[in-house]
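The values are calculated or read from the model by the stated rules, or taken from the named source; none is laboratory data. Nothing here was measured: the structure is a model prediction, and the numbers come from that model. Ideal geometry is used to build each Cβ from the backbone, glycine not excepted, and the neighbour counts take in all protein chains shown. Side chains included, ligands, DNA and RNA excluded: accessible areas come from the protein's heavy atoms. Shrake-Rupley method; radii C 1.70, N 1.55, O 1.52, S 1.80 Å.
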Amino acid sequence: MANDSATGPIVEVLLPLALDGCYSYGVPDGMQLAPGDYVRVPLGPRQITGVVWGTGGQVPDGTKIRNVSARYDVPAMPELHRSFIDWLAAYYVEPPGQALRMSLRAPGALEEPRHRLAYRASGTVPDRVTPQRERVLEAAGEGLTLPARDLAEIAGVGVGVVRGLADQGALEAVPLPAFQPFRRPDPMADRVELSADQETAAAELRKAVSARRFSVTLLDGVTGSGKTEVYFEAMATALAAGRQVLLLLPEIALTGQFLARVEERFGVPPAEWHSDVRPRERERVWRAVTTGEARIVVGARSALFLPWHQLGLIVVDEEHEPAFKQDDGARYHARDMAVVYGSLGGFPVVLASATPSLESLVNVDRGRYQYLTLKSRHGRAELPEVDLIDLRNHTPTSGQWLSDPLAEAVDSTLQAGDQALLFLNRRGYAPLTLCRTCGHRLECPNCSTWLVEHRFRRQLMCHHCGHQDQVPEACPYCKAENTLVPCGPGVERLAEEAVQRFPDARITILSSDLQRGHILRATLADVASGQYNLIIGTQLVAKGHHFPGLTLAGVIDADLALETSDPRAGERTWQLMAQVAGRAGRGDKPGRALIQTFMPDHPLMQALQAGDRAAFLDHEKQIRQAAGLPPYGRLAGLIISGKDAAETESFTRFLARRAPATRDVHVLGPAPAPLHMVRGRYRWRLILKCARDGDLQPFLKSWLAGVKTRGSLRLAIDIDPYSFM
Ligand code: ADP
Ligand code: ZN
């Protein structure tokens with residue numbers, strides 16, 4: 001090919017691959033390229049899409065460099081967004097291409113959009129008029145311009161009839177825009193009258209947005225206090241100033257109910273970005289964000305990587321949620337990176353939560369974040385009363401999980417015509433199946449975990465690798481028959497007990513493996529409208545849903561989350577408990593929360609009962625400070641995995657010996673990871689710990705420089721880890 005090898009100017013192109021740095025390409029004659037341009041370039045035998053990261057170079061003498069193949073006709077990726085990608089990659093010690101990949105998640109969006117054709121009557125009369133043709137012309141004559149399929153449907157004919165009329169010139173084709181445009185939101189569309197408390201907070205946020213400077217504000221208020229209405233005001237101010245607004249939520253909080261609320265407030269449907277959005281719609285959103293047409297995007301964490309054009313505000317709702325941390329592929333924490341984006345772009349960020357993270361609260365203590373609080377619930381609804389049920393005195397019968405006081409409370413709630421929620425953060429029927437005769441436990445063949453029985457699907461499942469098996473008739477170890485028994489409860493088993501105890505209840509189970517996407521959205525709507533009156537759920541139900549008829553929240557096992565090695569276990573338990581309790585009493589009637597625990601004297605349980613968040617936080621801060629854990633110190637994890645046990649261990653030990661000697665960063669381990677095997681890979685861990693201002697990244701860089709993983713070995717770096725498994 002004549003044009004394949006370059007001699008003149010070159011550009012540096014970042015490719016969406018885990019490569020070190022950019023690749024150089026020649027610029028073909030007549031092509032103008034600037035930083036941020038999206039281009040197609042050859043890589044080996046393939047063509048791939050990348051972004052121009054640098055210009056100004058010349059082909060060095062005697063080297064052969066291939067040319068850029070094409071430049072896409074879309075607005076360039078703004079400099080701010082490119083700096084964000086560079087910043088993120090440096091912080092998480094990962095290849096920038098890996099970060100870029102997240103901004104190129106709608107590949108078709110770069111292509112010339114496919115126009116669709118629509119038809120309208122031209123006034124020309126066809127040679128032959130059949131009744132069918134007449135109906136089409138009638139439909140098309142009403143001033144409507146419709147795609148052939150729609151027109152045929154309205155006229156009750158086949159598409160062929162429409163095409164025939166078009167061939168004869170009786171219908172004329174008009175190109176429709178490839179994508180339906182996003183309508184402009186109206187900042188004033190449906191404002192509610194704010195309470196005095198809300199107005200004070202809203203005024204502060206409006207001021208922060210109007211200042212067009214970087215700031216972070218933590219909006220703290222119990223569930224139902226009206227935080228959403230308040231940050232809507234901040235969004236309205238940014239929209240009125242012509243800026244784009246990003247509203248980030250955890251994936252499972254992105255319900256139809258919530259999106260409808262945004263639509264109502266601003267008069268138009270917002271752009272959506274989450275795992276349920278279909279490819280074609282993704283392309284529409286991606287293009288509309290990059291041209292600035294889409295003004296409001298409501299999305300899950302990856303929406304941060306849309307190529308923003310004029311972003312003026314990010315709101316992160318449920319900011320404490322660990323779901324904002326992505327742990328597969330590129331690792332990042334969307335809340336933290338939202339703050340980084342705001343600081344690079346010079347605009348405000350609002351973090352909202354009823355149970356803010358300790359990280360954010362300590363940033364308030366340090367004076368880095370502004371703090372706004374909404375104290376009471378909107379209207380009359382009060383926070384529910386929380387009572388502990390001591391499982392040592394109220395032990396449920398063997399094989400059952402509801403204590404008498406909790407069962408009685410559910411019963412009277414249902415009798416009164418209200419809704420009750422039972423919370424158990426365990427999917428499936430039973431977390432463990434064992435043989436009564438020999439004690440053998442059914443384990444995953446690929447992972448060091450127990451198989452979880454899912455009775456509805458009649459299967460044993462591994463929650464780590466997805467391995468599935470039939471429940472065997474005989475114990476695989478001692479071959480005894482009918483000796484396998486389920487141990488412990490999952491939501492399915494709890495539902496079985498509920499059906500027995502409350503035969504008239506209308507029960508639904510909300511668990512991510514049973515309901516997802518639009519089915520889940522539909523069920524949530526049915527819960528809100530009162531079709532179900534007993535809800536059994538995992539943490540899926542703890543999220544910001546608004547169920548006005550729910551007056552009782554029961555927690556089956558509050559000790560569950562405390563039994564892990566996670567340094568945030570206490571905080572997580574507090575957040576989950578407070579959120580589950582917060583589901584109750586959001587309507588006119590007061591709510592009540594009952595918490596079953598074997599540790600009623602634990603400071604956390606005591607603080608929950610007293611509703612004393614300050615006491616809990618003081619306790620938690622002391623623990624973290626004494627141990628140098630976040631937010632008082634920084635952590636990073638190295639996860640080493642491989643198919644061979646001995647090789648994985650020796651590579652980990654070799655790595656540990658190579659760690660640079662410094663007093664600033666402590667290397668803990670090596671130790672086998674708590675989840676020692678996943679998907680047939682052995683896993684080891686090293687944990688790095690340093691002071692809050694410690695230089696983790698340079699330390700890691702010099703440590704790992706020149707380290708190559710061979711064969712099946714993999715090395716993953718996890719900065720600010722949230723998972724310690
Ligand atoms: P939060 O986000 O703190 O959980 P919401 O903003 O969802 O609270 O408010 C809880 C409920 O109260 C919602 O149904 C909301 O529409 C309603 N609400 C909040 N503020 C007002 C207000 N000023 N006027 C009327 N309704 C309000
Ligand atoms: Zn497994």
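Calculate the length of the line joining the C-alpha centroid of region 237-304 to that of region 508-526, in whole Å.
Using only Cα atoms to place each centre, the spacing works out to 22 Å.
Could you check the spin-label model distance between Arg657 and Ala90? Points 7 Å from the Cα along Cα→Cβ, value in nm.
About 3.4 nm, to one decimal.
Using 0.36 nm per residue, how much length does the chain from Asp411 to Leu19 gain when fully extended, once their Cα-Cα distance is taken away?
Extra length available between Asp411 and Leu19 comes to 135.1 nm.
Loop only by DSSP, 13 or fewer other Cβ within 10 Å of the Cβ. Give me the trypsin sites (Lys or Arg not before Pro) in region 415-478 that pass, ordered by residue number.
Within region 415-478, the qualifying trypsin sites (Lys or Arg not before Pro) (loop, at most 13 other Cβ atoms within 10 Å) are Arg436, Arg458.
So how far apart, in nm, are the two label points at Lys643 and Phe598 if each is 7 Å from Cα heading toward Cβ?
Each label point lies 7 Å from its Cα, and together they span 4.1 nm.
Which value, in debye to the nearest 20, describes the size of the charge dipole of the chain about its Cα centre when Lys and Arg Cβ atoms bear +1, Asp and Glu Cβ atoms bear -1, and nothing else is charged?
Computed charge dipole of the chain: roughly 1600 debye.
Please work out how much length the chain gains when fully extended from Thr130 to Asp29, using 0.36 nm per residue of separation minus the C-alpha to C-alpha distance, in nm with one decimal.
Length gained, Thr130 through Asp29: 30.6 nm.
So, in nm, how far is label Ala626 from label Thr483 when the simple model puts each one 7 Å beyond its Cα toward the Cβ?
Taking the simple label geometry, Ala626 and Thr483 are separated by 4.7 nm.
Using a cut-off of 15 Å between alpha-carbon atoms, which aspartates and glutamates can reach Lys375, once sequence neighbours fewer than 8 places away in the same chain are excluded?
Asp197, Glu199, Asp220, Glu229, Asp612
For the chain, take the convex hull of the Cα atoms, compute a quarter of its surface area, and give me that in nm², please.
So the mean shadow area of the Cα hull is 40.6 nm².
Leaving out same-chain residues fewer than 8 places away, which lysines sit with a Cα under 28 Å from that of Lys325?
The qualifying lysines are Lys227, Lys543, Lys621, Lys643, Lys689, Lys701, Lys708.
Can you give the Rg/Rh ratio of region 203-336, where Rg is from the C-alpha atoms and Rh is the Kirkwood radius?
The Rg/Rh ratio comes out at 0.93.
Treating only the Cβ atoms of Lys and Arg (+1) and Asp and Glu (-1) as charged, compute the dipole magnitude of region 597-725 about its Cα centre; round to the nearest 20 debye.
Dipole size: approximately 720 debye.
May I ask you to derive the FRET efficiency for Ala189 and Gln500 from their Cβ-Cβ distance with R0 = 60 Å, giving the value to the nearest 0.05?
About 0.75, to the nearest 0.05.
Report Lys643's accessible area, 1.4 Å probe, all protein chains in place, as a number in Å² to the nearest 10.
140
I need the peptides 210-221, 296-307 ranked by packing, meaning the mean over residues of other C-beta atoms within 10 angstrom, with the highest value on top.
Result, highest mean Cβ count within 10 Å first: 296-307, 210-221.
Using 0.36 nm per residue, how much length does the chain from Lys375 to Asp695 gain when fully extended, once their Cα-Cα distance is taken away?
Roughly 111.3 nm would be gained on extension.
Quick check on region 653-709: take the gyration tensor over C-alpha atoms, sort the square-rooted eigenvalues as a ≥ b ≥ c, and tell me if it's rounded (a/c under 1.5), prolate or oblate.
Judged from the Cα gyration tensor, region 653-709 comes out prolate (a/c at least 1.5, a/b above b/c).
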